[in-house]
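Contents: one structure, followed by commentary.
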Amino acid sequence: MAIDKIDIWNADEEPRLSAVLSECWALLVDGANDPKHDLYTPALATGDTTHGPMLRTVVLRHVDRETRQLGFYTDLRSRKIGEIQADPRVGLLFLSHSDDTQIRVQAEARIHCGDAVAEEAWAGIPLPQRRHYMVSGPPGLPWAWPTSGLPGDLENRAPSEEESLAGKLNFAVVICTVKQMDWLYLTPYGHRRAVFAWDDEGRLQTSWLVP
Ligand SMILES: Cc1cc2nc3c(=O)[nH]c(=O)nc-3n(C[C@H](O)[C@H](O)[C@H](O)COP(=O)(O)O)c2cc1C
């Protein structure tokens with residue numbers, strides 16, 4: 001769904017905070033639905049007690065405004081899983097050049113594997129893509145030569161449904177419940193920034209900020 005960009009400068013009035021929040025969610029929904037959209041691939045931040053902040057790109061797979069949830073898929077053996085288990089507070093950074101918009105999110109992550117959420121997501125993954133979860137060692141495992149990590153001839157063909165079950169064991173959905181969203185809108189005439197924060201009871205506090 002195409003959405004209109006907020007046009008602060010031609011509007012009679014500046015947008016209300018509620019309109020900005022709706023714009024944020026609409027952009028995120030668009031991002032998750034379009035692999036070419038800038039918001040399709042946010043950066044995910046976790047904390048690591050040894051190395052400090054860790055960042056990596058993930059694909060935005062799920063957006064639900066009602067429950068304030070953003071979701072991505074990952075390999076259960078990947079490093080980020082241990083980091084989220086140790087501290088479920090995560091950051092997500094979205095930048096849309098075409099919308100002149102940055103959205104920064106603080107969220108609490110929950111890992112789903114072997115449950116109904118993971119089951120439903122797995123069923124929607126085409127067989128060729130299931131290979132992402134079929135690499136023979138944990139992502140990041142040192143190897144003596146350049147490798148895809150895929151077993152046998154799976155580099156050249158999609159796995160059968162039965163073969164792909166090996167990947168299902170490594171598959172996880174991470175659902176992040178948004179606690180805070182920081183919106184920054186860039187214009188040549190002066191930027192705009194706002195924050196939206198939800199407390200543990202789901203009560204929303206909003207404010208404009210100096211950009
Ligand atoms: C465009 C792009 C999309 C990616 N999408 C995902 C993803 O959805 N989930 C994921 O776990 N890793 C994804 N990755 C790989 C991660 O960035 C990262 O290299 C990998 O998950 C290992 O991260 P970790 O060692 O911090 O756990 C993606 C990488 C790129 C470049």
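The values are calculated or read from the model by the stated rules, or taken from the named source; none is laboratory data. None of these values were measured; they are calculated from a predicted model. Counting neighbours? That spans all protein chains shown, and the Cβs are built from the backbone with ideal geometry, glycine included. Protein only, heavy atoms only, side chains kept; ligands, DNA and RNA dropped before computing areas. Shrake-Rupley method; radii C 1.70, N 1.55, O 1.52, S 1.80 Å.
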- Query: Which fully enclosed helices (runs of 4 or more DSSP H) of the stretch 10-128 have 1 or more residues being closer than 15 Å to W183 by Cα and aromatic (F, W, Y)?
  - Reply: 17-33
- Subset of the stretch 93-102 [open to solvent by 10 Å² or more (accessible area, probe 1.4 Å) and within 12 Å of L44 (Cβ to Cβ)]: L93
- Message: Among (1) modelled with pLDDT under 95; (2) small (G, A, S); (3) within 27 Å of L27 (Cα to Cα), there is one condition G152 misses while meeting the rest; what is its number?
- Response: (3)
- Could you check, for the stretch 185-199, whether at least one of its residues is touching a His at 6+ places or on another chain (Cβ under 8 Å) and farther than 22 Å from A86 by Cα? yes
- For the stretch 55-74, enumerate the residues that are within 6 Å of the ligand (Cβ to nearest atom) and either more than 15 Å from R104 (Cα to Cα) or surrounded by fewer than 16 Cβ atoms within 10 Å (Cβ to Cβ) (or both). R56, T57, V59, F72, Y73, T74
- Message: Among the numbered criteria (1) surrounded by fewer than 15 Cβ atoms within 10 Å (Cβ to Cβ); (2) within 21 Å of the chain's Cα centre (by Cα); (3) outside any loop (DSSP other than H, G, I, E, B), which one does A172 miss?
- Response: (1)
- Count, please, the residues in the stretch 19-54 that happen to be open to solvent by 40 Å² or more (accessible area, probe 1.4 Å) and touching a Ser or Thr at 6+ places or on another chain (Cβ under 8 Å). 4
